[in-house]
Amino acid sequence: MEFKDYYKILGVDKNATKDDIKKVFRRLAKKYHPDKNPGDKASEEKFKEVTEANEVLSDPEKRKKYDQLGSNWKQYENAGADANNRYRNYQPGNQGDGAAYSGNFDELFGNVGGFSDFFESFFGGRTSNTRQSRPRKGKDYEASLSISLEEAHHGTEKEFTLDGKKIRIKITPGIEHGKKLRLKQQGSEGISGGEKGDLYINIKIENHSHFERNGNDLYCNLDVDLYTAVLGGKKPLKTLDGKTINVNIPPETEGGTTFRIKEMGMHHSNNPNLKGDLFVKVNVKLPKHLSHKEIELFKELSLIRNAK
């Protein structure tokens, strides 16, 4: 059986901290992950190696006993011991400088299964040289789902097919961008009888051409002609609900003025009976292509204003 140098596999010093090991493992696991290297057996084996090394070196107790084992590997190997035989006692100054231990390594580390012969023998537990794997949950799936702002407002249902199975997902009114939905046991099959993994859906809300969302409130612009801005009046506005409302424009309303219309915003995700507000910003549009008479009238108005 070949001794596994976990420090060398991860490329870290024996004095590396737990954070150092964690950082290196994340980088290597991402590099060699089977999903990134489909069909690449070499990458798959490398992924297994770095996972196994991290399993031991990131656990203070396992790492401590591995360090003891590493310095006395030849003595253990020469002893011909396996995971179900009791190890000979190695006392300092007696038979080398090995650490003293007599007992079953299954009891010491517990059965984690699924790694190399070296790991299984010393850290995972073997019974009569038969590998035992504990039930493990299957891999989780993750996907993104884009919906419109209207769908986020009213709520909707989406249906898609995964592994030949139709899955229907319900979107509650007021759902936020970035919300992650969990569908239990819709991931990959479990290992050794373990339960299936889960499916996580990341909600992405598409940008709207007219409305902008901020929390539960909505913001929009409303074009108002110069005459209505000066004299006052009402301007129609189509809401996210599809309804048309009349916005009251008081006389002498300046461009950039924002009006708040209560409870015309988004549904609250935690209470669909509540709504945010709608903020309407006035954009005053100046008239173009004036007629000769209109120009003369504006000149007259200018004279009246300047004469004051």
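The values are calculated or read from the model by the stated rules, or taken from the named source; none is laboratory data. Every value quoted in this text rests on a predicted model; they were computed, and no experiment measured them. Cβ coordinates were reconstructed from backbone atoms using ideal geometry, including for glycine residues, and neighbour counts include every protein chain displayed.
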- line: Note on THR253: of the conditions (1) in contact with a helix residue (DSSP H, G or I) (Cβ under 6 Å, 6 or more places away or on another chain); (2) touching a residue at least 40 places away in the same chain (Cβ under 8 Å), unmet is (2)
task: Would you check if there is a residue in region 228-240 being surrounded by fewer than 10 Cβ atoms within 10 Å (Cβ to Cβ) and at pLDDT below 95?
output: no
Condition check for ILE203: modelled with pLDDT of 95 or more, part of a loop (DSSP other than H, G, I, E, B) and surrounded by 13 or more Cβ atoms within 10 Å (Cβ to Cβ): no
- prompt: Name the residues in region 34-66 that are closer than 14 Å to PHE119 by Cα and of a type in the set (A, V, I, L, M, F, W, C), would you?
  reply: VAL50, ALA53, VAL56, LEU57
statement: If you go through GLY193, GLY178, GLY187, GLY197, the only one that is in contact (Cβ under 8 Å) with a residue 40 or more places away in the chain, outside the structural domain of PHE279 (by TED's automatic domain parsing) and surrounded by fewer than 11 Cβ atoms within 10 Å (Cβ to Cβ) is GLY193
field: Scope region 260-298; condition farther than 23 Å from ASN221 by Cα and surrounded by fewer than 10 Cβ atoms within 10 Å (Cβ to Cβ); matching residues
entry: ASN270, ASN273, HIS289, SER291, HIS292, LYS293
